[in-house]
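A short worksheet on the structure shown next.
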Amino acid sequence: MNMPAKSYRYILLASALFQTACAPESSSQSQAEREVLSAVAAKDSASWVGIYRGELPCADCDYIEATIVLRDNLHYSLTTRHVGRVAGVLPSEKRGTFHWRDDGLLQLDAAGDNMVFFAHEKGLQMRGNDGKAYPNGKGKICGLAKTGSFVPGL
């Protein structure tokens with residue numbers, strides 16, 4: 001069975017793209033090289049107000065289950081639960097304020113450990129203070145997916 005050269009090239013290209021897409025994140029790659037995510041505008045609260053859930057890295061446990069609720073008055077609530085830690089540790093909730101940095105990143109106050117996030121159309125991506133993406137121990141960029149909209153007053 002002879003395969004046309006054009007079809008063969010498409011199969012090779014698709015195979016290369018699949019392998020690249022499934023490879024662990026490399027700290028030497030820039031964010032733009034890994035995935036293009038559209039930043040939300042700080043002034044457009046309708047694009048970032050909401051509920052975000054996911055897993056964050058943890059130094060002394062497997063990971064941290066986290067939920068952040070961002071409100072349009074620049075207040076947040078952060079609920080965390082350490083997974084893989086000594087039994088009996090209950091979820092904790094912190095409340096505070098956040099601000100938009102000059103570089104467009106969102107930063108929680110001291111109550112939220114000054115965590116920094118890149119807000120995009122799909123969620124929040126954890127960043128270091130230097131603005132670089134924050135990978136977990138397996139090289140995956142950590143973040144929280146937007147799971148719902150926040151209704152003011154509730």
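The residues of region 41-75 that are touching a helix residue (DSSP H, G or I) at 6+ places or on another chain (Cβ under 7 Å) and without any contact (Cβ under 8 Å) to a residue 60 or more places away in the chain amount to a single one, 41.
I'd like the full set of residues that are modelled with pLDDT of 90 or more and out of contact with any Ser or Thr (no Cβ under 7 Å at 6 or more places or on another chain), limited to region 82-93.
Listed by number, the list is empty, since nothing qualifies.
Checked against (1) within 18 Å of residue 143 (Cα to Cα); (2) small (Gly, Ala, Ser); (3) in contact with a Gly (Cβ under 8 Å, 6 or more places away or on another chain); (4) outside any strand (DSSP E or B), residue 54 meets all criteria but (4). For region 100-107, state whether one or more residues are surrounded by fewer than 17 Cβ atoms within 10 Å (Cβ to Cβ), of a type in the set (Phe, Trp, Tyr) and closer than 15 Å to residue 124 by Cβ. There is at least one residue in region 100-107 that is surrounded by fewer than 17 Cβ atoms within 10 Å (Cβ to Cβ), of a type in the set (Phe, Trp, Tyr) and closer than 15 Å to residue 124 by Cβ.
The values are calculated or read from the model by the stated rules, or taken from the named source; none is laboratory data. Since we're looking at a predicted model, the values are computed, not measured. We place every Cβ from the backbone using ideal geometry, glycine too, and count neighbours over all the protein chains shown.
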